[in-house]
Amino acid sequence: MRKALTIIKANDLYLVSMLLLVTVGALAQQVHFSLGLILTEILCIFLPAIWMLRWQKVEIEASTRLRWPGWGLALLSLLLGLAAWQVGAVLDGLLGQWLGYTPGVSPAALPQTTGQAILFFVALAIFPPLCEEFLFRGVLMRSWERKSAREALIAGAMLFALYHLRLQGLVGLLPVAFLLTYLVLRSNSLVSGVLAHFANNALAAGVTILAIQQPDLKLPFPSLPAAGIGLVVLIGGLWLLRRITPPPQALEAGEEPAEPKAKGFVRTSPRTRVLMPLLLTGLIYLFMAGYELVGGRYPELLAEGNLTLNQPAIRQPLRLEYEVRNPLDTPVGAAECTLTPVEMQAELECSKTVQAYQTKIGSSLWASESYTQEWSASWGGVAFGLEDY
């Protein structure tokens, strides 16, 4: 049996998985975020990889490196995963500030009860490390090792980072992506990547849950000092990893049979067959990244329909009261507006008072000082329906 897929088949698998992600996975996560994420990992990532390996008669254990790395490397993997999150979270926040937006999180996706928090943790910290490491480090990266360890490192990291279809979070994902790929290459064990991936995601999920369940709790991370410590741990851990592990051994040249030539009227070169799935997945990424950028910077361009203001027929002042909430849907202030009819005009006076707050969701941070804001507006004319006054 083969020890790895050919690169052509590996790239085909990557394209199929991404297509499933933006269709089946996106729909499942809209219905229910946590359960949808679990289904995404199983249906869009793990099962296609298993099917491709069996179809191509690839030895699963040899291809995926399903072996225990030893307790020393296991503990080092956990430590490196925790450190990588510190660095990635700050990079994520800095890029968000530079781009001027942070992708919104639906309040329905955030856990409010203990049961929801457990399911949220399982969906983020258990299934992604198992399923994604199997696909990216166990199948795709192994195929690219047929060229060289360096190309396998670059391909394994970049395919993983781009697969998440994020623009604002791409820079924050890169340290984690290269760490996981290098860790599996040096340790020759997929378990090392799973453990580091688990530590990274578990910390992110834990911070999110604590921010929701304990909004008054002040954590020392994510922050620049924590990222500095994480960077030092990463550098020291990678140096130690290099010292205690042998260099990665690439697959022997000619070990795998060449990809059969396509039958039919149209035949493509092997280079074209290698690049075509990557070009298509690149177009998917660019579309999703562009959609995120437009939605984050210019949300009005994606608004459905036209915004029309219809003035109700009122003959006495109308007072409106509102509650101001933070991204975790926790009350942080109040606002009130008074709409007053004056002859052929309407006058609107509003005031808003917000208490100081700091909210963390994963690697994203929202903060505000206490402030009070007042504003007013007036308009009139028959076109606004004020003729009834």
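The values are calculated or read from the model by the stated rules, or taken from the named source; none is laboratory data. Computed from a predicted structure; not experimentally measured. Glycine gets a Cβ as well: all are built from the backbone with ideal geometry, and neighbour counts include every protein chain shown. Accessible surface is based on the protein model in full, side chains and every heavy atom, while ligands, DNA and RNA are left aside. Shrake-Rupley method; radii C 1.70, N 1.55, O 1.52, S 1.80 Å.
Observations, loosely collected:
- Qualifying trypsin sites (Lys or Arg not before Pro) in segment 158-244, where qualification requires a DSSP coil assignment and no more than 12 other C-beta atoms within 10 Å, comprise 218.
- Note on the chain: lysine pairs with Cα distance below 15 Å, sequence gap of 8 or more or different chains, count 6.
- Between the Cα long axis of helix 224-244 and the first principal axis of the chain there is an angle of about 10°, rounded to the nearest 10.
- When 276, 18, 1 are compared by accessible area of protein heavy atoms, the largest-first order is 1, 276, 18, using a 1.4 Å probe.
- Anisotropy class of segment 191-239 from Cα gyration tensor, a/c 1.5 cut: oblate
- Taking only protein heavy atoms and a 1.4 Å probe, the accessible area of segment 1-82 is 72% carbon and sulfur.
- Length, then width, then depth: along the principal axes, the Cα atoms of segment 57-191 run 43, 36, 32 Å.
- In the chain, the DSSP beta bridges split such that about 95 percent are antiparallel, to the nearest 5.
- Highest-MSF residue in the chain out of 296, 138, 193 [GNM, Cα springs under 10 Å]: 296
- Nearest-ten-degree value, helix 114-125 long axis tilted from longest Cα axis of the chain: 40
- At full extension, residue 301 and residue 75 could sit 76.5 nm farther apart than now, given 0.36 nm per residue minus the alpha carbon distance.
- Choice from 32, 197, 164 showing the highest fluctuation, given a GNM over the chain with Cα pairs closer than 10 Å: 32
- With K and R counted +1 and D and E -1, the other residues having a Cβ less than 14 Å from that of residue 126 yield a net charge of -3.
- Simple spin-label estimate for residue 68 and residue 322 in nanometres, 7 Å along Cα-Cβ: 5.9
- Over segment 145-210: Kirkwood hydrodynamic radius from C-alpha pairwise inverse distances, Å: 12.6
- Cysteines (scope the chain) whose Cβ has no counterpart Cys Cβ under 4.7 Å: 44, 131
- Counting only Cα atoms, segment 1-75 measures 39, 35, 16 Å along its principal axes, largest extent leading.
- Accessible solvent surface per residue of the chain, calculated while the other protein chains remain in place, 1.4 angstrom probe, Å²: 54
- Working ranking of peptides 35-42, 324-331 by packing, defined as the average number of other Cβ atoms within 10 Å per residue, highest first, is 35-42, 324-331.
- Among 180, 80, 293: highest mean-square fluctuation, GNM of the chain, C-alpha pairs under 10 Å: 293
- Approximate spin-label separation residue 113-residue 61, in nm, with each point projected 7 Å along Cα-to-Cβ: 4.4
- Gyration tensor (alpha-carbon) shape descriptor, the chain, a/c threshold 1.5: prolate
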